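S.K.: Before we start, here is the structure in question, set down as structure tokens.
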Ligand SMILES: Cc1cc2nc3c(=O)[nH]c(=O)nc-3n(C[C@H](O)[C@H](O)[C@H](O)COP(=O)(O)OP(=O)(O)OC[C@H]3O[C@@H](n4cnc5c(N)ncnc54)[C@H](O)[C@@H]3O)c2cc1C
């Protein structure tokens, strides 16, 4: 879809039913709680439209899930039901529209995915067929091992392996994107405040007056929670299940390690435009580590981090014909915000006036589209049919 068609479609899908909050004036004071990729992208769209934006973060922009993510932008077959898949497809279009505005570093190389065993392969192909029943899905092809090798000569694809080639996937440098978004918010006259922790909202006669933070009170006409794994605690509602950890490893920049995103058994790997190789592990933490992980740390104790790093580098090398010789630069633990039913949660909160929420897994894939659609809802008082399936009201 080209940029003009994409923007037209968004306008069409916004219908002007009232959605639980008064329409804003452009100078309403909007405070966004959480400067991950979702809050930063939303703050950018709101500030660009002329709103008075303050974006706060209890630590610093990009300190949580967004930076410790594999950063794969996709609308692949596990994104079901179809409403979610379609929204994710628009997510790709939204990035294509947004990226040139801010010079985002996105590598649109597509992904190759293959499986540990026949059972997983069969189940995945069933899910793929389910999505391909619809008229519109992201360009995808199932290719043979030898065709996959043409695309990715350094990788080992065993004979008879079937590979899903998802052609429109991309990988973004999420921290770089957050820095560009937050800088631009400031250019538009918005404020970015951190460390600044949201504590509570202050209402009078059902009207939001301000929010209380550990840095003092901030006057607000609207508050938006883009607070990732802290969403339950901040809204007093159980939207998310227990966050699960994932290890992300980044190498120092290296030359031409691979062309595409590789979604291999147990390991995901891609190379950013700047040469950094990003590796994500898919098997969660063993139960014996539960105690250490209780506080949801983003870092390992040094020795454990080193051990994990070496183990993951070895595992990654098994995908390749020749060892990659990567220099480990960074290893971190990311915590996934996981809505209880797997679907994004976006919209006005039914139990709190002028309070909006946007939280989801795959927030990196969806940040650009969420920002475009939610900013329309917040500023213009419209209700987008695109978000019909994702309303917070389903939890009440
Ligand atoms: C290992 C791993 C791999 C992943 N891979 C992918 C992928 O490939 N593709 C994809 O689309 N998604 C992926 N995800 C999911 C994705 O990273 C998240 O969905 C996304 O980053 C969520 O963005 P966010 O802005 O909502 O949250 P976050 O980035 O977590 O930002 C929330 C912010 O809110 C702040 N905050 C919290 N409480 C308060 C408070 N009281 N006051 C002020 N600020 C507060 C936090 O400090 C934080 O900065 C992955 C996640 C993990 C962990």
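The values are calculated or read from the model by the stated rules, or taken from the named source; none is laboratory data. Just so you know, these numbers come straight off a predicted model, no measurement behind them. For neighbour counting, all protein chains shown are included, and Cβ atoms are generated from backbone atoms with ideal geometry for every residue, glycine included.
S.K.: With respect to residue 379, is the statement that it is over 12 Å from the mean Cα position of the chain (by Cα), in contact (Cβ under 8 Å) with a residue 40 or more places away in the chain and surrounded by fewer than 24 Cβ atoms within 10 Å (Cβ to Cβ) true?
M.R.: yes
S.K.: Look through 331, 346 and report the one residue that is within 16 Å of the ligand (Cβ to nearest atom), under 30 Å from residue 303 (Cα atoms) and either under 18 Å from the mean Cα position of the chain (by Cα) or at pLDDT 95 or above (or both).
M.R.: Exactly one of 331, 346 is within 16 Å of the ligand (Cβ to nearest atom), under 30 Å from residue 303 (Cα atoms) and either under 18 Å from the mean Cα position of the chain (by Cα) or at pLDDT 95 or above (or both), namely 331.
S.K.: Scan the range 234-258 residue by residue and report those that are modelled with pLDDT of 95 or more and not in a strand (DSSP E or B).
M.R.: Within the range 234-258, 234, 235, 236, 237, 238, 239, 252, 253, 254, 258 meet the criteria.
S.K.: Another one. Taking the stated definitions as given, is residue 233 under 15 Å from residue 33 (Cβ atoms) and either assigned by TED's automatic domain parsing to the domain that holds residue 34 or out of contact with any helix residue (DSSP H, G or I) (no Cβ under 8 Å at 6 or more places or on another chain) (or both)?
M.R.: yes
S.K.: Quick one: count up the residues across the range 198-242 that are under 21 Å from the mean Cα position of the chain (by Cα), surrounded by fewer than 20 Cβ atoms within 10 Å (Cβ to Cβ) and more than 8 Å from the ligand (Cβ to nearest atom).
M.R.: 4
S.K.: Conditions first: (1) farther than 25 Å from residue 68 by Cβ; (2) touching a helix residue (DSSP H, G or I) at 6+ places or on another chain (Cβ under 9 Å). Residue 321 passes all but one, so which condition is the exception?
M.R.: With (1) farther than 25 Å from residue 68 by Cβ; (2) touching a helix residue (DSSP H, G or I) at 6+ places or on another chain (Cβ under 9 Å) applied to residue 321, the lone miss is (2).
S.K.: Scanning for something under 19 Å from residue 106 (Cβ atoms), more than 16 Å from the ligand (Cβ to nearest atom) and either part of a loop (DSSP other than H, G, I, E, B) or more than 19 Å from the chain's Cα centre (by Cα) (or both), does the range 276-285 turn up at least one residue?
M.R.: no
S.K.: Further question: Assess whether residue 44 counts as being in contact (Cβ under 8 Å) with a residue 12 or more places away in the chain and either in a strand (DSSP E or B) or not assigned by TED's automatic domain parsing to the domain that holds residue 372 (or both).
M.R.: Against the criterion (in contact (Cβ under 8 Å) with a residue 12 or more places away in the chain and either in a strand (DSSP E or B) or not assigned by TED's automatic domain parsing to the domain that holds residue 372 (or both)), residue 44 does not qualify.
S.K.: Taking the range 196-210 as the region of interest, how many residues are in contact with a strand residue (DSSP E or B) (Cβ under 9 Å, 6 or more places away or on another chain) and in contact (Cβ under 8 Å) with a residue 40 or more places away in the chain?
M.R.: Qualifying residue count for the region: 6.
S.K.: Listed residues 267, 279; which is touching a helix residue (DSSP H, G or I) at 6+ places or on another chain (Cβ under 7 Å), without any contact (Cβ under 8 Å) to a residue 40 or more places away in the chain and more than 28 Å from residue 32 (Cβ to Cβ)?
M.R.: 279
S.K.: Let me ask you something else. Name the helices (runs of 4 or more DSSP H) wholly within the range 68-187 that hold at least 2 residues that are farther than 17 Å from residue 273 by Cβ, more than 15 Å from the ligand (Cβ to nearest atom) and free of Cβ contacts under 8 Å to residues at least 24 places away in the same chain?
M.R.: Output list reads 118-132, 145-151, 174-187.
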